[in-house]
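Colleague: One structure is given below, represented as structure tokens, and several questions about it will come after.
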Amino acid sequence: MKLHDDVHNYYEKLMLDEIEAQKLTNVYDNDTMADFCCTVLNHLPPRYIRFEVDMAFYLPQSERESMIVQVKDAIEIAKSLIAKRANNG
């Protein structure tokens with residue numbers, strides 16, 4: 001078993017989906033995006049899974065919607081921190 005291949009944080013997928021929806025890769029360079037993703041994930045609780053299908057099947061819709069809101073909030077925090085860093089740089 002390779003832990004990094006078999007287990008992952010479900011919030012990573014939700015975060016990447018939202019980054020794509022907001023087209024943030026068009027806004028930030030690769031180095032900034034890496035920092036951005038770390039910042040977002042550090043503002044979210046871990047939710048480890050092995051298979052996406054498990055979350056799709058067992059996660060109540062209300063909880064999924066709550067997780068999406070948490071991701072959007074964490075993205076806004078990260079955007080604010082990056083803007084603050086750019087203004088102080």
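Colleague: So, in the range 43-57, how many residues would count as being assigned to a helix (DSSP H, G or I) and without any contact (Cβ under 8 Å) to a residue 24 or more places away in the chain?
Modeller: Going through the range 43-57 one residue at a time, the tally reaches 4.
Colleague: To continue, here is another question. Just checking, which of 28, 58 is among the aromatic types (Phe, Trp, Tyr) and open to solvent by less than 80 Å² (accessible area, probe 1.4 Å)?
Modeller: 28
Colleague: To continue, here is another question. Restricting the range 1-25 to residues that are assigned to a helix (DSSP H, G or I), aliphatic (A, V, I, L, M) and open to solvent by less than 80 Å² (accessible area, probe 1.4 Å), which is nearest to residue 65 (Cα to Cα)?
Modeller: Among those that are assigned to a helix (DSSP H, G or I), aliphatic (A, V, I, L, M) and open to solvent by less than 80 Å² (accessible area, probe 1.4 Å), it is 14.
Colleague: Is it fair to say residue 39 is among the hydroxyl-bearing types (Ser, Thr, Tyr), assigned to a helix (DSSP H, G or I) and open to solvent by 70 Å² or more (accessible area, probe 1.4 Å)?
Modeller: no
The values are calculated or read from the model by the stated rules, or taken from the named source; none is laboratory data. The shown structure was predicted, so the numbers you read here are calculated from the model rather than taken from an experiment. Please note: Cβ atoms are built from the backbone with ideal geometry, for glycine as well, and neighbour counts cover all protein chains shown. When the accessible area is computed, the model is the full protein with side chains, heavy atoms only, and any ligands, DNA or RNA have been set aside. Shrake-Rupley method; radii C 1.70, N 1.55, O 1.52, S 1.80 Å.
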